[in-house]
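Before any comments, here is the structure.
The values are calculated or read from the model by the stated rules, or taken from the named source; none is laboratory data. None of these values were measured; they are calculated from a predicted model. Counting neighbours? That spans all protein chains shown, and the Cβs are built from the backbone with ideal geometry, glycine included. Areas reflect the complete protein model, heavy atoms only, side chains present, ligands, DNA and RNA absent. Shrake-Rupley method; radii C 1.70, N 1.55, O 1.52, S 1.80 Å.
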Amino acid sequence: MSQDARDAVGDYRYGFHDPENATIRFDFGLSEQVVRDISELKNEPQWMTDIRVKAFKHFIARPMPDWGNSEMLNSIDFEKVCYYLKSSKGSETDWEEVPEDIKNTFERLGIPDAEQKWLGGVTAQYESEVVYHSIREDLEEQGVVFLDMDSGLREYEDVVKQYFGSVVPYSDNKFSALNTAVWSGGSFLIIPEGVHVEMPVQAYFRINAKNMGQFERTLIIARPGSSVHYIEGCTAPTYSSDSLHSAVVELIAEEGAHIRYSTVQNWSANVYNLVTKRGVAYRNSTIEWVDGNIGSRLTMKYPAVILKEEGAHAEVISVAYSGEGQHQDAGSKVHHLAPNTSSRILAKSISKNGGRSSYRGLVKVSPKAHNCKVSVVCDALLLDEDSRSDTYPTMEVSNQSCVVEHEASVSKVSGEQLFYLMSRGHTEEEAMGMIINGFFEPFTKELPLEYASELNKLLEMEMEGSIG
Amino acid sequence: MHSLMKGILAPHLENMLTSCVLSISDLHVSVEGTVVIKGLSLEIQKGEVHAIMGRNGAGKSTLANVLMGHPDYEITQGSIHFNGTPLDELEVFERARAGMFLSFQYPQAIPGVQVGTFLRKSVQAVRKDDCPNNRELRDEMKAAMKILGVDNSFLARYVNDGFSGGEKKRLEILQMLLLKPKLAMLDETDSGLDIDALRMVADGINSISDDAACLVITHYQRLLDHVKPSHVHVMIDGRIVKEGGSELAIQVEDKGYDWLEPTNA
Ligand SMILES: Nc1ncnc2c1ncn2[C@@H]1O[C@H](COP(=O)(O)OP(=O)(O)OP(=O)(O)O)[C@@H](O)[C@H]1O
Ligand SMILES: [Mg+2]
């Protein structure tokens, strides 16, 4: 990382790190043996080991994507990554049992507090393993299952065997192959038929060590007529060497179910964030991705929905914020496979100090999908001349009855807006912060209040010292 | 008068000086290379309401903008003092915090920022010394909104985003009432208002005019029926060409501006 980039992350708020007290730490580098070792360590069934090994071979054979930011992608050194690191004995259900320094980290991040006040359940992952998980008793009594993925595999092997890789096969892309080969941690969530989880459940992902690779794997199944709001947050310390975060998330929304999956990733600027997220929506169900990308050096992430049965609906609201040295290559994919399905994509990006934001979207409407509705809106806001925004919207519509709306805009903050706000007593930085928060408002208003105000504060801090 | 004269004047004269909220002397302003204001002087005391009238393009908004500190306008000659402080020492936000307020001719939309939040943040920024607590602020807002005939749903809307002309002007006055300025400049706040709205806006101005100095830019006598100006100035081509009392506004409404052209005078 360049000195400039280091300067840029110098005031990153979550950039502190703990001493590394690893109980198990793998040497750097990736091989079939590493993959097998991870599986053995976890005492996994043979079929899982086999999938891991197949996925590893695919990862090796598969070339790096030649789109997105090739230069940054090719600078990832897979031999300088630690693929497994465990810092605790296991996953606890009481914060008091979590090792002191790890507990302190999550306290600094406000997780136990949030859990008490407004969450239905929490998992907290530190490096490769989930160190804490809990769920409210009333939800447990209703049959809601909320575990870390490793426990999920142990306790619900049949379910995992049925759905693991059914939405995102390892062969989907190079990074889904990598994740499948070395996955560890992540969430396993099942909402039984007709159960509405009113309070959001949250997973928190923290990378602490240098040159760490975090490869969590998440599977959420919402049975017919159920609903859930799942939130994930991510941070890491600021190091001058790179870390890699490559997750796979699979969602299944059965008939009439509703899944909302909200993310605010605020990785430090030395993290490569290469994530595959996809959901399958059955009859009259809804999948919503609310996806905020604030941190990381390079993010490539395109939350996707497959609208498999009639009446299914997809909603993807995303924001990207790219500062110095950052590239957010984000967007969305929706496949309309059935009649009367609808999708709405709203992507907003802000680029500043030479940062780069790209919207990359794909909407496919199959010939059999009659009377679909598609709406894609992309708005980019550039804060200065050095920053960059690109839009790559692809539409493949093979059914004439489909109604498609598409709007894209690129704008700059106008001097008149700033003057107006400053004439009301706000400094230029405050004025800029207000305009930015306003620009992201369609996104923030979808988040729980506590999350939204955190995000607003974060963005205002991003503006501090950035003008002048 | 110049602030340097402070201290060498007799105490009663000094008092007069300090009650002089705005003092402009021989102001020249250019924008984009053209001179728009060409030697303008004006003094406003606390409790006075000064009306400025003049044709389109005469330089009225330029004057308001330059007073508020718009970066596009360059003062090439002359000086402006606000409560004795040379204005060029103050940034835009400092002018606001010192008690200057401009009701814009064309208020800007800030999409995604709710009126309620914006008002609260602005009050906190400007009224640092007597900042009301949340409850007091809510009461103040209620009272101000009542004067202006707007209801609570107004607070949840985004600042000027999709507002009608009249709604924008009401929001400007609402801000003025809450920010409690020492100098209120209103640039065509009466334009495009229906009769009822005009009366409400006038009530708003009247409710602060005892404690503030007001500079009201208008094309119409209409507003001045409700807001009694102590002084009326006619501006032509970047200069004040005539000053008078409220009767001057009636004459202008009657006869237009031709008779005031320097060449016709
Ligand atoms: N930012 C600017 N850039 C270029 N020219 C400007 C700018 N602002 C004002 N002018 C010019 O200065 C002159 C005075 O404009 P100003 O807006 O002050 O007039 P006004 O008296 O307020 O008119 P109106 O009654 O139409 O509002 C006009 O010729 C206008 O075109
Ligand atoms: Mg004007």
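Does any residue of the range A:203-221 turn out to be more than 16 Å from the chain's Cα centre (by Cα), surrounded by 19 or more Cβ atoms within 10 Å (Cβ to Cβ) and either over 29 Å from A:Lys89 (Cα atoms) or at pLDDT 95 or above (or both)? The answer is yes; a qualifying residue exists.
Results for (1) assigned by TED's automatic domain parsing to the domain that holds A:Val271; (2) open to solvent by 50 Å² or more (accessible area, probe 1.4 Å); (3) in contact (Cβ under 8 Å) with a residue 40 or more places away in the chain; (4) within 22 Å of the chain's Cα centre (by Cα), shown as yes or no for each residue.
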{"residue": "A:Val334", "(1), (2), (3), (4)": "no, no, yes, yes"}
{"residue": "A:Ser343", "(1), (2), (3), (4)": "no, no, no, yes"}
{"residue": "A:Ile350", "(1), (2), (3), (4)": "no, no, yes, yes"}
{"residue": "A:Val376", "(1), (2), (3), (4)": "no, no, no, yes"}
{"residue": "A:Ala380", "(1), (2), (3), (4)": "no, no, no, yes"}
{"residue": "A:Ser387", "(1), (2), (3), (4)": "no, no, yes, no"}
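Check whether at least one residue in the range A:57-71 is touching a Pro at 6+ places or on another chain (Cβ under 8 Å), closer than 25 Å to A:Asn273 by Cβ, of a type in the set (Gly, Ala, Ser) and not in a helix (DSSP H, G or I), and report yes or no. Checked the range A:57-71: no residue is touching a Pro at 6+ places or on another chain (Cβ under 8 Å), closer than 25 Å to A:Asn273 by Cβ, of a type in the set (Gly, Ala, Ser) and not in a helix (DSSP H, G or I).
So which of A:Glu71, A:Glu32 is open to solvent by 40 Å² or more (accessible area, probe 1.4 Å), in the same structural domain as A:Leu85 (by TED's automatic domain parsing), modelled with pLDDT under 95 and over 17 Å from A:Asp150 (Cβ atoms)? After ruling out the rest, the residue left standing is A:Glu71.
If you filter the range B:95-120 down to residues that are of a type in the set (A, V, I, L, M) and under 16 Å from the mean Cα position of the chain (by Cα), you find that the one that is nearest to the other protein chains (Cβ to nearest Cβ) is B:Ala96.
Just to be sure before I move on: is A:Asn21 open to solvent by 30 Å² or more (accessible area, probe 1.4 Å), in a loop (DSSP other than H, G, I, E, B) and farther than 26 Å from A:Ala269 by Cα in the structure I sent? Answer is no for this residue. Scanning the range B:210-236 for residues that are open to solvent by 10 Å² or more (accessible area, probe 1.4 Å) and within 16 Å of ligand 2 (Cβ to nearest atom), we see that the one that is nearest to B:Gln105 (Cα to Cα) is B:His219. The residues of the range A:247-282 that are open to solvent by 10 Å² or more (accessible area, probe 1.4 Å), under 28 Å from A:Glu310 (Cα atoms) and in contact with a Gly (Cβ under 6 Å, 6 or more places away or on another chain) amount to a single one, A:Gly256. If you go through the range A:82-112 and keep only what is exposed (fewer than 14 other Cβ atoms within 10 Å of the Cβ), of a type in the set (D, E, K, R) and within 10 Å of A:Tyr132 (Cβ to Cβ), you end up with just A:Asp94. Residues of the range B:28-63 that are open to solvent by 60 Å² or more (accessible area, probe 1.4 Å) and near ligand 1 (Cβ under 8 Å from one of its atoms): B:Glu32, B:Thr34, B:Arg55, B:Asn56, B:Gly57.
Criterion applied to B:Arg170, B:Arg199, B:Arg239 was being within 16 Å of ligand 1 (Cβ to nearest atom), more than 13 Å from the chain's Cα centre (by Cα) and either modelled with pLDDT under 95 or open to solvent by 10 Å² or more (accessible area, probe 1.4 Å) (or both), and the one residue passing it is B:Arg239. The single residue among B:Ser23, B:Ser19, B:Ser3, B:Ser103 that is within 16 Å of ligand 2 (Cβ to nearest atom) and either at pLDDT below 95 or surrounded by 21 or more Cβ atoms within 10 Å (Cβ to Cβ) (or both) turns out to be B:Ser103. For the range A:415-468, residues that are open to solvent by 40 Å² or more (accessible area, probe 1.4 Å), on the phi < 0 side of the Ramachandran plot and within 12 Å of another protein chain (Cβ to nearest Cβ) total 9.
Among the criteria (1) surrounded by fewer than 22 Cβ atoms within 10 Å (Cβ to Cβ); (2) within 16 Å of ligand 2 (Cβ to nearest atom); (3) at negative phi, the one B:Ser207 does not fulfil is (2). Which of the residues that make up the range B:31-71 are within 14 Å of chain A (Cβ to nearest Cβ) and either away from ligand 2 (no atom under 14 Å from the Cβ) or more than 25 Å from A:Gly415 (Cβ to Cβ) (or both)? B:Glu32, B:Gly69, B:Pro71, listed by residue number. Please find, within the range B:180-194, the residue that is farthest from the other protein chains (Cβ to nearest Cβ) out of those that are within 13 Å of ligand 2 (Cβ to nearest atom) and assigned to a strand (DSSP E or B). Residue satisfying both the conditions and the ranking: B:Leu186. Summed over the range B:121-162, the residues that are away from chain A (no Cβ under 14 Å), touching an Asp or Glu at 6+ places or on another chain (Cβ under 9 Å) and either surrounded by fewer than 16 Cβ atoms within 10 Å (Cβ to Cβ) or closer than 21 Å to B:Asp194 by Cα (or both) give a count of 6.
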